[in-house]
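To keep things clear, I will list the structure first and then write my remarks on it.
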Amino acid sequence: MESLSLQSFHINGLNYRSKLNFASNPSEFRAINQLGFDYFWKQRCKRLSFPVKSQSFSGKNEGGVSSSKDVSYFAIEEQQGDEGHLGHLIGPVKDASGAIVSFNLYSQSANTDSSDSNVNAVLDLDKQDEVQGDYDIKEDVWKVREATDSEGEEKISSGLPSSFVFEQGVRKEILAEDLLEETVVEGEEKTSVKVKLSIVFVTAEAAPYSKTGGLGDVCGSLPIALAERGHRVMVIAPRYIHGTAADKIYAGAFDADCRIKVNCFGGEQEVAFFHQYRDGVDWVFVDHPSYHRPGNPYGDSFGAFGDNQFRFTLLCHAACEAPLVLPLGGYTYGEKCLFLVNDWHAAKYRPYGVYKDARSILVIHNLSHQGVEPAVTYDNLGIPPQWYGALEWVFPEWARAHELDKGEAVNILKGAIVTADRILTVSQGYSWEITTVEGGYGLHELLTSRKFVLNGIINGINTSEWDPSNDAHIAAPYSIDDLSGKAQCKAALQKELGLPLKPDCPLIGFIGRLDYQKGIDIIQAAIPELMGDDVQFVMLGTGDSKYESWMRATEVTYKDKFRGWVGFSVPISHRITAGCDILLMPSRFEPCGLNQLYAMRYGTIPVVHSTGGLRDTVETYNPFAVGTDDSGTGTGSLYFLGSSSSISQYIKNEKIKFALGLIQALRNALKTYREYKGSWLGLMKRGMQQDFTWDSAAAHYEQVFEWALTDPPYC
């Protein structure tokens, strides 16, 4: 069957592609997509102007292409056929403010005067009153009235506007729920995505199966939130087997009975897939002997594994194959996927023209880890030679081992940055910091060149796991309406740690990795000054052995004030978060941070260094601002390098400057805690009211997905 398709038109500088097929049979007219621009038109306008061309047919299958002359209106015309049918009008739908939200088709009555068909075949967009007469817009419901026959009977359909299919002259409705749902509430727009995407997460870790930090939390929770919003989601991660009781976490994952061979590292490598369907998500685990060893995903007590490049190259190749070969739920994800690749471990490419319609979004959780290896290892990656330029990396002269060292290397994260369709970080603050010399780790110029596709989205938290009103790990439940349980949690924590039971003594906590980034040396420098005050301090973490030894020694020195728990325990982390009055986070840089989010939800005041995600999520306390409860504004305390100390300008040592800022911020917090109880209570409640749910984060990710799919593939 021959047909003519109208596939694109131009609207005030916006190119939009749709498809209208006009079949050779004049009585068969099919509108493939709804003629509405709400999907991509987020900036509403009072007047819409654009030319549109349409094909009109007569009963003898004759017709021509006509163009509307007046740019303030348009129509799809049909010449009057044997049955006297004049065609259909395209009319706008406006909300209470007069903004256009979509378009629908009107039937013309057979009694319409055909002497001036051009006048009758158009609808002026400025005639808002006439449009509002046909459409009653109410909260969450559009009631569309349409004339159904010559006797004037009225048909009322509740729900969203529908698009139409014309078959043999009969108009049928296609519910907009199959396309894009939009509701209008008193002039405000609320859009819910109904277009389901096939989303594939590629990650080195995903909680609860594997986790060393925030990456595991994100890839364990965000996929579930996106699945709950109607998307089809797959998570691809290695199947780590450590030979311990922890391996039972994979008990629910079954062999998918699929083996593939990938070419890398000088030969064919066979990998298998295991699959578990949980919480609406397809959890796919790549199985290979290189993932079967003690330690964490990246190393053990002796340091990083020497074959990490090999292990994560396998992951990347397997991730490219899984959507094509695994019939999960009866059918594969196919080529039209949206990949979310996390850090350098999951950087991927489109091989040999496959995935030409897919999109790849790089999520940077920590730019300091880039997957840099000697240039001679490029041939091991199984990537075509023409891709070398994307991964090529040359160290500056000062960073080279010797004078004959050319500094040539491959940087896998760099390759992901130059090829990804869009780039995300886990906070807006960090997305800016990585474009600076201080925070870019040598990639700042490259990231600056791509800043037009660089965004940041704050991580969410699992509110079912971190809920003080229903937390099995803490001594007593409490909520924003009844905080009495928090005092019980504090007393229980003091008793468990062997500290004196002093309800009025401020209890300060730290939870995190013991390394340079987290500012442990800054705490170390500040402790002698802090221990001179009437405070108690507890630290939980593992990492650098020198800091672990320092924690043990400090506990001996300050027996009644300091406790150091070397290691990590989820129940203890919950009890510290609930029992402490203040949570300390002196990180030198923090892409997002989760502990400050947990602390605020539990009514514990965060005192943090003003960097990255900490600056984005913690609002510094202002006692003089007018808040809703007359207790000021803010949710915690932010401090800068040296803060406002009068002597910090004369100090050269960076660590001492940080320590001075930390001590000053803590003193201000302690003063508020002791002397201004009402203000402290306001701080606690404002923190507990913050919305850091994964559903909120998922909505922001959907916006980035829309941007990625609107643009053509980057490469």
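The values are calculated or read from the model by the stated rules, or taken from the named source; none is laboratory data. Fair warning: this is a prediction, and the values are worked out from it, not measured in the lab. Note that we place each Cβ from the backbone using ideal geometry, even for glycine, and neighbour counts take in every protein chain shown.
Here is how the numbers come out for the structure above:
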| quantity | calculated |
| --- | --- |
| Residues located in region 282-295, provided they are in contact with a helix residue (DSSP H, G or I) (Cβ under 6 Å, 6 or more places away or on another chain) and either within 11 Å of ILE236 (Cβ to Cβ) or among the aromatic types (Phe, Trp, Tyr) (or both) | ASP282, VAL284, VAL286 |
| Selection within region 650-679 - under 18 Å from ASP534 (Cα atoms) and out of contact with any strand residue (DSSP E or B) (no Cβ under 7 Å at 6 or more places or on another chain) | ILE663, ARG667, LEU670, LYS671, THR672, TYR673, ARG674, GLU675, TYR676, LYS677 |
| Looking only at region 199-218, and only at residues there that are at pLDDT 95 or above and outside any loop (DSSP other than H, G, I, E, B), the one that is surrounded by the most Cβ atoms within 10 Å (Cβ to Cβ) | VAL202 |
| Count - residues of region 673-695 that are farther than 30 Å from PHE624 by Cβ and either touching a Leu at 6+ places or on another chain (Cβ under 7 Å) or not acidic (Asp, Glu) (or both) | 2 |
| Residue ID - surrounded by the most Cβ atoms within 10 Å (Cβ to Cβ), chosen from residues in region 594-630 that are among the acidic types (Asp, Glu) and part of a loop (DSSP other than H, G, I, E, B) | GLU619 |
| In region 373-413, residue nearest to CYS316 (Cα to Cα) [restricted to those that are of a type in the set (Val, Ile, Thr) and touching a residue at least 60 places away in the same chain (Cβ under 8 Å)] | ILE412 |
| Among the residues listed as ARG239, ARG278, ARG259, the single one being among the basic types (Lys, Arg) and crowded, with 18+ Cβ neighbours inside 10 Å | ARG239 |
| Hey, PHE285 at pLDDT below 95 and among the aromatic types (Phe, Trp, Tyr) or not | no |
| Candidates PRO374, PRO477, filtered to the one that is in contact with a Pro (Cβ under 8 Å, 6 or more places away or on another chain) and outside the structural domain of GLY220 (by TED's automatic domain parsing) | PRO477 |
| Listing of strands (runs of 3 or more DSSP E) fully contained in region 519-593 that carry 3 or more residues being closer than 23 Å to SER210 by Cβ and in contact with a His (Cβ under 8 Å, 6 or more places away or on another chain) | none |
| Residues that are within 17 Å of ASN462 (Cβ to Cβ) and free of Cβ contacts under 8 Å to residues at least 60 places away in the same chain, drawn from region 680-698 | ASP691 |
| Top-ranked residue in region 380-405 [being of a type outside the set (Val, Ile, Thr) and assigned to a strand (DSSP E or B); ranked as surrounded by the fewest Cβ atoms within 10 Å (Cβ to Cβ)] | GLU392 |
| Selection status of LEU340, outside any loop (DSSP other than H, G, I, E, B) and either acidic (Asp, Glu) or over 23 Å from GLY220 (Cβ atoms) (or both) | no |
